[in-house]
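Readers should treat all values here as calculations from the given coordinates under stated rules, not as data from a laboratory. Remember, predicted model here, so these are calculated numbers, not experimental data. Reconstructed Cβ throughout: ideal geometry from the backbone, glycine too, with neighbour counts over all protein chains shown.
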Amino acid sequence: MATTRVLVTGFEPFGGSDDNPSMRIVHALAGDPPAGIELATGVLPVTWAGAWPGVLELMSQHRPDLVLMLGQSGKRSSVTVERFALNFGRGRIADNDGVDRPDGALVEGAPLALASTIDVDGAVEAMTNAGTPARPSHDAGACVCNLVLFQSLLRATPGQRAGFIHVPMLPGQQGTENGEPTMDAAESGRAVRAAIEFLSA
Ligand code: PCA
């Protein structure tokens, strides 16, 4: 069987923080790629204008079989695998361009929601077996993370799979002062690695 080509992306820091666990995980994977796959990685801007063009460029360049995007979620205590992307965007906080997006469709005329094309439950099981709390999530919210999942699903070539994993914030990260759940990047990264191995087997 041909080697699976996998693109993994994370996001730069945003919202007043100087860190993002998804960026750390991408850097760790790039430095020590899982065996038996062809790995490409990228760190995306947290901007309505730049995030999707960033993924699209990486998809065109590497033609991955699997696009796995990672992002930070301030509200979640487990690593979560998204089932759906919504054709809807809203700016909860200004993005890194200072843009506060009005509520509305991402792509006029496109379906209201698209289902992820990775095996969500299988990935959750692989992560749980790796020892990390993990669960499926209905949807990726309505911010930039949802945008890149929706667009990747809409624009994927036949047979090309796309999915999104949200990871908790880091211990001590700005934005966790009020007791928000956190997880060490080594632990969330171990789960992501297990998911990649499962999804590319
Ligand atoms: N999380 C945000 C955007 C970037 C990130 O890491 C989100 O969930 O949309």
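Some notes on this structure:
- Rg in Å to one decimal, and Dmax rounded to a whole Å, for the range 11-84 via C-alpha atoms: 13.1, 38
- About the Cα centre, charge dipole magnitude for the chain (Lys/Arg +1, Asp/Glu -1 at Cβ), debye: 340
- Most mobile listed residue (Ala51, Ala105, Ala191) in the chain, GNM with C-alpha springs under 10 Å: Ala105
- Fully extended contour minus Cα-Cα distance, from Asp19 to Ala186, at 0.36 nm per residue: 58.7 nm
- Computed on the chain, with alpha-carbon pairs under 8 angstrom and 6+ residues apart, the relative contact order is 28 percent.
- In Å, descending, principal axis extents of the Cα set of the range 2-50: 41, 22, 9
- Dividing the helix sum by the residues of the chain, where each DSSP H run of 4 or more adds -39500 (n - 2.57), gives a mean residue ellipticity at 222 nm of -9500 deg cm²/dmol.
- P(r) tail, the range 4-127: Cα-Cα pairs separated by more than 20 Å, 51% of all pairs.
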